[in-house]
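Heads up: the structure comes next, in structure tokens.
Laboratory data are not the source of any read-out in this text; all were calculated from the coordinates shown. All of these numbers come straight from a predicted model, not from anything done at the bench. A quick note on method: Cβ atoms are made from the backbone with ideal geometry, for glycine too, and the neighbour counts reach across all protein chains shown.
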Amino acid sequence: MNISYLQLVYLFGTIFCILGIVLCIRTARTRFGKLGDAPPVSLWITRLPAESAAKLTAFAALILMPAGAIFIANYHTFEGVHEVSGCASCHLMLPMANDLQDSNSGTLAARHFKNKWIAENQCYHCHSDYGFGGNLEAKMTGYRHLARYTTHTYKEPLMARVRFDNKNCLNCHQGTQKFEAVPSHHTAWARLVSNQMICLNCHGQAHPTSLQRTPGSPDYARLTEPLE
Amino acid sequence: MRLLRWESWCAIIAFLMTLAFVLFPGPYEMAIFTFLAQPLFAIAAASYLVKVFADLRTRKVV
């Protein structure tokens, strides 16, 4: 049986949250000072004084269950952003996601998608060094993007602040027969590695242009249609 | 130990927000979990630990 990460997140996330809520309700109703005379509580193979059992319940409700729920939800955050649907859940990313899946598009991303050069998690494969998929600093930037998106403090078209790192392309292409057979890759190698020259200089537009992504442009409505 | 009523309610609200994000993932649910639920959990846990420490001090354990 093949269990996906999403099923695990649903299962454990629901268990931690529901159990946490039940234990919290119990803790909220407990009067710790008046448990001295209460009968002992039976816990599977042992019996505990009522006060100890209530304290253990409070510890589980306020420390253990929240820790579990936070771990699962953060795992969900960082794993979910690997999928194209995760990126496309922000409408700002819809032009990129729609164009990616458009078989008539000639952008670099669409060509990678329709030719299955990248089998899955297509966004993440090329953009793994920034946003929620990147290192700690990149993740902090991801949180800033999230805050700006949900508070509507952004302007369209979206402009990348960071320079695209050629390493994202070279991770797959470097060393392949096709790549090595192109003489210009060798002559421009130093500039490619140092990012003085980007791959897109020769290989064309990666995504729809900023003009196409500007509200009111002829392509905007088509590019921002919700994904099927 | 003193009552843990408001800490429990804080945690319940945070659990509900987390559950919403786990079951219906989206940018708004993610933002609510990240910027509201996690701090609520942290506040509840911090207050709980302060009360536990105070309880241990009254019993002269620490």
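Numbers at a glance
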| item | result |
| --- | --- |
| Label point at A:N171 placed 7 Å out along Cα→Cβ; residues across segment A:91-124 whose backbone nitrogen lies under 11 Å | A:122-124 |
| Check: chain A dipole with +1 on Lys, Arg Cβ and -1 on Asp, Glu Cβ, in debye | 580 |
| Cα-derived Rg over Rh, computed across segment B:5-58 with Rh taken as Kirkwood radius | 1.14 |
| Between segment A:64-83 and segment A:22-43, the Cα center-to-center distance that results, in Å | 30 |
| Computed E for A:N115/A:T14 - FRET, C-beta separation, R0 25 angstrom, nearest 0.05 | 0.05 |
| Kirkwood Rh, angstrom, segment A:27-129 [1 / mean 1/r, Cα pairs] | 18.1 |
| Crossing angle, helix A:65-80 versus chain A [Cα axis fit, 0-90 degrees, rounded to tens] | 10 |
| Cross-link reach list, lysines versus B:K51, counting only Cα pairs under 22 Å and skipping chain neighbours closer than eight places | A:K34, A:K55, B:K60 |
| Computed E for A:S210/A:R47 - FRET, C-beta separation, R0 51 angstrom, nearest 0.05 | 0.15 |
| Sequence of A:S89, A:S4, A:S217, B:S8 once ranked by neighbouring C-beta atoms within 10 Å, starting from the fewest | A:S4, A:S217, A:S89, B:S8 |
| Label-point separation, A:I198 to A:R29 (7 Å along Cα→Cβ), nm | 6.0 |
| Square roots of five times the Cα gyration tensor eigenvalues for segment A:5-80, Å | 31, 12, 8 |
| Of A:K116/A:K139; A:K114/A:K167; A:K116/A:K178, pairs whose Cα-Cα distance is over 19 Å | A:K116/A:K139; A:K114/A:K167 |
| Relative contact order (%) - criterion: Cα under 8 Å, at least six apart; region: segment A:97-228 | 27 |
| Dipole magnitude (debye, nearest 20) for segment A:5-80, charges at Cβ of Lys, Arg, Asp, Glu | 320 |
| Cβ-based charge dipole, the protein assembly as shown, positive-most Cα from B:A45, A:G216, A:F78 | B:A45 |
| Centroid-to-centroid separation of chain B and segment A:153-225 [C-alpha atoms, Å] | 44 |
| C-alpha long axis of helix B:5-23 to longest principal axis of chain B, angle in ° | 30 |
| Test item: A:208-218 mean partner chain Cβ contacts at 10 Å | 0 |
| Chain B, relative contact order in percent, only Cα pairs under 8 angstrom and at least six apart counted | 46 |
| Sequence of A:H125, A:H203 once ranked by neighbouring C-beta atoms within 10 Å, starting from the fewest | A:H203, A:H125 |
| Gain in span if fully extended, A:E156 to A:A190, counting 0.36 nm per residue against the direct Cα distance | 8.8 nm |
| Volume in Å³ per residue [convex hull over Cα atoms, computed for chain A] | 205 |
| Relative packing of peptides A:22-30, A:7-15 - highest average C-beta neighbours within 10 Å first | A:22-30, A:7-15 |
| In degrees, nearest ten, helix A:5-28 long axis to first principal axis of chain A (Cα) | 30 |
